[in-house]
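Here is the structure we will look at.
The values are calculated or read from the model by the stated rules, or taken from the named source; none is laboratory data. In this text, all values refer to a predicted model and were calculated from it rather than measured experimentally. So basically every Cβ, Gly included, is an ideal-geometry build from the backbone, and we count neighbours across all protein chains shown.
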Protein chains: 2
Amino acid sequence: MEERIEISILLDFYGELLTDKQKDIMNMYYNEDLSLGEISEINNTSRQAIHDILKRCCKLLLEYESKLELKNKNEKLLLLKESLLVKFDCLSDMVNNDEAAFLINEIKKQLIENL
Amino acid sequence: MEERIEISILLDFYGELLTDKQKDIMNMYYNEDLSLGEISEINNTSRQAIHDILKRCCKLLLEYESKLELKNKNEKLLLLKESLLVKFDCLSDMVNNDEAAFLINEIKKQLIENL
């Protein structure tokens, strides 16, 4: 199950590097939860062919991650964002100045929307 | 000149997706400023072969950017960082509370080091 989730996340990051056909088949299996049988029927091909495509694409996605680390970097950014938001809450509690409180709120919004 | 700089930046983001040989040749031309003649001599091959590799790799790098937009996203992150740092400076000026000033400084450091 965990591997399925990981592959699904990697598909978000690197799906564009696959061919349209590869991406469709990976989406059917990892995001829409279709079975090998259902996917082979839709694509008018054998279960073995679908199995081989899934296996090859998983290998490709893991290779991309080992080279570019987009998932890893994104996780770090999300941790940074969380940590900053906690600190802003502390800061809000320390400040008794309307102007500063307003600016802290603006910064928080900007961070939530853009990071 | 601008195209050279752009390719050099794309090489930072996507160089790992090239083969070692492609990466070496791209680095020689775009980062170390070697000529086609010098690179072909080092690689014991023709100027035409080097020219073809450079052309093919530039195309690949531009395709990767059109698909993943890492350079574009990184530029947006840097703008966000700059904008946040300016706001932190404003915030520092508004606050006359040592504890809050210390925390603002901590947040700035964390942002500079991690974004």
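Before moving on, here are some points about what is shown:
- Subset of the stretch B:1-20 [within 14 Å of chain A (Cβ to nearest Cβ), assigned to a helix (DSSP H, G or I) and without any contact (Cβ under 8 Å) to a residue 12 or more places away in the chain]: B:Asp12, B:Glu16, B:Asp20
- Hey, A:Glu82 assigned to a helix (DSSP H, G or I) and out of contact with any His (no Cβ under 9 Å at 6 or more places or on another chain) or not: yes
- Failed criterion for A:Lys108 (all others in (1) among the charged types (D, E, K, R); (2) touching a Phe, Trp or Tyr at 6+ places or on another chain (Cβ under 9 Å); (3) modelled with pLDDT of 95 or more hold): (3)
- Qualifying residue in the stretch B:41-48 (condition: assigned to a helix (DSSP H, G or I) and surrounded by 15 or more Cβ atoms within 10 Å (Cβ to Cβ)): no
- Which listed residue is surrounded by 12 or more Cβ atoms within 10 Å (Cβ to Cβ) and facing another protein chain (nearest Cβ under 10 Å), from B:Asn97, B:Asn105, B:Asn74: B:Asn97
- Test result for B:Asp52, in a helix (DSSP H, G or I) and more than 17 Å from the chain's Cα centre (by Cα): yes
- Sole residue being surrounded by fewer than 17 Cβ atoms within 10 Å (Cβ to Cβ), within 14 Å of another protein chain (Cβ to nearest Cβ) and of a type outside the set (A, V, I, L, M), chosen from A:Lys23, A:Lys55: A:Lys23
- Here B:Tyr64 passes the criteria (1) away from chain A (no Cβ under 11 Å); (2) modelled with pLDDT of 95 or more except the one numbered (1).
- Among the candidates A:Glu82, A:Glu69, A:Glu113, residue that is more than 16 Å from B:Leu84 (Cβ to Cβ) and within 14 Å of another protein chain (Cβ to nearest Cβ): A:Glu69
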